[in-house]
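Here's the structure, in structure tokens; my notes come after.
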Amino acid sequence: MTDASTYGMVAEFDDPTALVEAARRIKQEGYRHLEAYTPYPIEDLHEIIHVNNRVPLICLIGGLLGAATAWSMEYYIAAIDYPINVGGRPLYSWPAFIPILFELTVLFAGCFCFFGTLALCGFPRPHFPLFSLPQFAEATSSRMFLCIDKADPIYDSELTAKFLNELGPIGVWEVHDE
């Protein structure tokens, strides 16, 4: 099995076709906690490793919260807290609320997107376990890596290493979370 300090198993590839085929076989085998690191985008890989993107939902929630905040703040100020009848207009004159409503909607949505993305990515994270692997430095220039996380339900260090070696990588390493 695995010890507590294990992060996962990494396989290194130098050919995008081999990487895509390996990712396809890994998914067919039943692994779900899979991540790929490549120096450039590979379209077929994106289809295999589907990422559940929650940023649009976070942005929508932020926008709705911003709009609700703006409307409730303006209504409270104009109609309840400090009502002033200017030129016979009603106290709740919604067309006057639109600019601030729009601005706070955009502000909240932008802030929620920014901080939500940071939270989902796990930032700030000064140390990532794969950084301790010397071969991983090539991930930004010429090599491609597939990592199976130990959180995967069918992860077993010996069986996973054997399976990854069957896929024809340059090398397979167990990465420790130090």
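The values are calculated or read from the model by the stated rules, or taken from the named source; none is laboratory data. Please read these numbers as outputs of a predicted model, since none were measured by experiment. Cβ atoms come from the backbone with ideal geometry, glycine included; neighbour counts cover every protein chain shown.
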- Query: Cβ-Cβ below 7 Å, separation at least six or inter-chain, first residue in segment 10-31 and farther than 18 Å from L159 by Cα, second assigned to a helix (DSSP H, G or I): which pairs?
  - Reply: F13/L19; F13/A22; L19/L45; V20/D44; V20/L45; V20/I48
- Message: Criterion first (within 28 Å of R25 (Cα to Cα), out of contact with any Asp or Glu (no Cβ under 9 Å at 6 or more places or on another chain), surrounded by 14 or more Cβ atoms within 10 Å (Cβ to Cβ) and in contact (Cβ under 8 Å) with a residue 24 or more places away in the chain) does L104 satisfy it?
- Response: no
- Query: A151 is checked against (1) farther than 16 Å from A11 by Cα; (2) outside the structural domain of P41 (by TED's automatic domain parsing) and fails just one. What number does that condition carry?
  - Reply: (2)
- Message: Show me the helices (runs of 4 or more DSSP H) found entirely inside segment 13-90 where at least 2 residues are farther than 30 Å from F108 by Cα.
- Response: 16-29, 43-48
- Task: Output the residue which, of all residues in segment 65-76 that are without any contact (Cβ under 8 Å) to a residue 24 or more places away in the chain and small (G, A, S), is surrounded by the most Cβ atoms within 10 Å (Cβ to Cβ).
- Result: A68
- Task: Take segment 91-113 and flag every residue that is touching a Pro at 6+ places or on another chain (Cβ under 7 Å) and assigned to a helix (DSSP H, G or I).
- Result: none
- Name the pairs whose Cβ atoms lie under 8 Å apart, with the first residue in segment 48-64 and among the charged types (D, E, K, R), the second in a helix (DSSP H, G or I), and 6 or more positions between them or separate chains? R54/G116; R54/L120
- Restricting attention to segment 128-175, which residues are assigned to a strand (DSSP E or B) and under 22 Å from the mean Cα position of the chain (by Cα)? M144, F145, L146, C147, I148, D149, V175
